[in-house]
Amino acid sequence: MEHESVPLYWRNIPAYYRLVAKRCRKCGEVYYPPVVKCAKCGSAELEDYQLPHEGELVEFTVLRSVPTDFLKQKPLVIGLVKLGPVKVLGQIVDAVPEKLKPGQRMEVVFRRVVVDGKYGLVMYGYKFRPRP
Ligand code: ZN
């Protein structure tokens, strides 16, 4: 499903990171991460379903002891955010952990995750931040 309103830089990001889910054509169940077969009705007729880029914080956890790769971003905040019909787990950025609370509005942002120095390859992934 293509939307005219989706910016070009988002189209160039693989579907997984653009938060493109799968919706069952028969029963309407939505899956993210995408599946090839509906677990509810067994149908294999699934279509792309773009999740909204705004949602609601369900719960979160603050990791103060984190792996070396994340040292620069310490403390690491991981949250479960409800985007439309599904809940998506991801890192929360630009947030003061003490001020986060379930139910608040969140938005999806795309941030650089890994840079491969040898090939100059930059990997992006989705993250969440409190909506301003
Ligand atoms: Zn189904």
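For this structure, a couple of remarks:
- The range 1-24, residues that are surrounded by 13 or more Cβ atoms within 10 Å (Cβ to Cβ) and either over 19 Å from Arg111 (Cα atoms) or modelled with pLDDT of 95 or more (or both): Ala21, Lys22, Arg23, Cys24
- Subset of the range 20-64 [away from the ligand (no atom under 14 Å from the Cβ) and small (Gly, Ala, Ser)]: Gly55
- Subset of the range 31-84 [of a type in the set (Lys, Arg) and modelled with pLDDT under 90]: Arg64, Lys72, Lys74
The values are calculated or read from the model by the stated rules, or taken from the named source; none is laboratory data. Because the structure is a prediction, the values reported are computed rather than measured. Ideal geometry is used to build each Cβ from the backbone, glycine not excepted, and the neighbour counts take in all protein chains shown.
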